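The values are calculated or read from the model by the stated rules, or taken from the named source; none is laboratory data. Source: prediction; values computed, not measured. Here the Cβ is made from the backbone with ideal geometry for all residues, glycine too, and neighbour counts use every protein chain on show.
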Amino acid sequence: MCEFAYMKLYPADLAADTLDLSAADFGSYMLLLVGMWRQGGRLRLDKSGLARIARRPSRHWPEVWGRLIRFFRVSEDGLWISQKRLSAELEAARELSGKQRDKAARRWSDSGGKAASEAGKTPLSTEAKPLINNNPVDAAASPPARATPVPYKDSSDEYGKCSAREGRAMPQPARDEQHNRAAIEERFARGFHALSQSLDAVVQEAALAKAKRKSREQPAEEAAPA
């Protein structure tokens with residue numbers, strides 16, 4: 001089960017650390033990272049299981065793993081592997097998620113307590129009052145003044161348009177959150193594009209190897225006596 005829908009990816013660092021890998025090895029490395037993220041930050045050190053996740057033949061896996069093992073850490077009991085950067089990002093995501101969950105719980109708790117307190121202070125009245133615009137008012141009170149319309153101010157984004165209609169500017173935290181979300185989506189898109197290219201390279205390399213093997217086998221069949 002995937003704990004978080006997306007993970008941070010740093011293309012510059014990733015490219016610098018994997019310059020010596022072939023396209024097939026790079027694709028296998030990325031697939032192991034994705035599987036590790038989905039499995040809570042670690043994978044069982046099993047030859048067939050890792051080869052299946054990396055989409056490489058089991059007979060070639062010892063050689064492939066010999067080139068990729070330097071990117072991972074093996075647990076003391078020798079049963080699990082993890083990746084240092086991925087583990088740090090996963091812990092940071094869990095910490096941020098916990099803080100946001102606690103903040104939301106406190107906000108809802110404070111809102112509920114304040115509403116209950118105000119409800120306890122409001123006296124109940126059984127006296128019937130006339131209605132103006134479906135709101136009860138005192139008969140002796142003057143009619144409510146009309147609200148002064150706020151001029152519409154155009155803005156470049158939907159949030160700004162709503163804020164302009166209400167006569168207020170977008171708060172700084174909201175702008176920061178919008179900017180961070182856009183940056184995360186951009187990094188994820190670049191990482192996904194790199195992963196797609198790597199997977200295409202893996203498929204092309206496998207097809208080329210199959211074609212070469214078939215071309216070697218065909219002359220042998222033709223040379224065989226009838």
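Assorted remarks:
- Condition check for Trp108: modelled with pLDDT of 90 or more and more than 23 Å from Gly191 (Cβ to Cβ): no
- Exactly one residue out of Arg42, Arg38 is in contact with a Cys (Cβ under 6 Å, 6 or more places away or on another chain), surrounded by 15 or more Cβ atoms within 10 Å (Cβ to Cβ) and over 17 Å from Ser198 (Cβ atoms), and it is Arg38.
- When Arg70, Arg52 are checked against the criterion of being assigned to a helix (DSSP H, G or I) and either more than 17 Å from Gln83 (Cα to Cα) or in contact with a Cys (Cβ under 9 Å, 6 or more places away or on another chain) (or both), Arg52 stands alone in meeting it.
- When the criteria are applied in full, Arg55 fails the requirement of being over 23 Å from His193 (Cα atoms) and of a type in the set (D, E, K, R).
- Some residue of segment 28-43 being over 25 Å from Ala93 (Cα atoms), in a loop (DSSP other than H, G, I, E, B) and without any contact (Cβ under 8 Å) to a residue 40 or more places away in the chain: no
- Any hit, segment 119-139, residues being over 27 Å from Leu9 (Cα atoms), at pLDDT below 65, surrounded by 10 or more Cβ atoms within 10 Å (Cβ to Cβ) and among the aliphatic types (A, V, I, L, M): yes
- Taking segment 1-14 as the range and being among the hydrophobic types (A, V, I, L, M, F, W, C), over 27 Å from Gly98 (Cβ atoms) and either buried (at least 19 other Cβ atoms within 10 Å of the Cβ) or touching a residue at least 60 places away in the same chain (Cβ under 8 Å) (or both) as the test, only Leu14 passes.
- Among the residues here, Gly78 does not qualify as among the small types (Gly, Ala, Ser), surrounded by 14 or more Cβ atoms within 10 Å (Cβ to Cβ) and at positive phi.
- Every residue from segment 83-95 that is part of a helix (DSSP H, G or I) and either of a type in the set (S, T, N, Q) or loosely packed, with under 11 Cβ neighbours inside 10 Å (or both): Lys84, Ser87, Glu95
- Taken as a whole, the structure places Arg52 among residues that are modelled with pLDDT of 85 or more, among the basic types (Lys, Arg), under 30 Å from Leu14 (Cβ atoms) and surrounded by 10 or more Cβ atoms within 10 Å (Cβ to Cβ).
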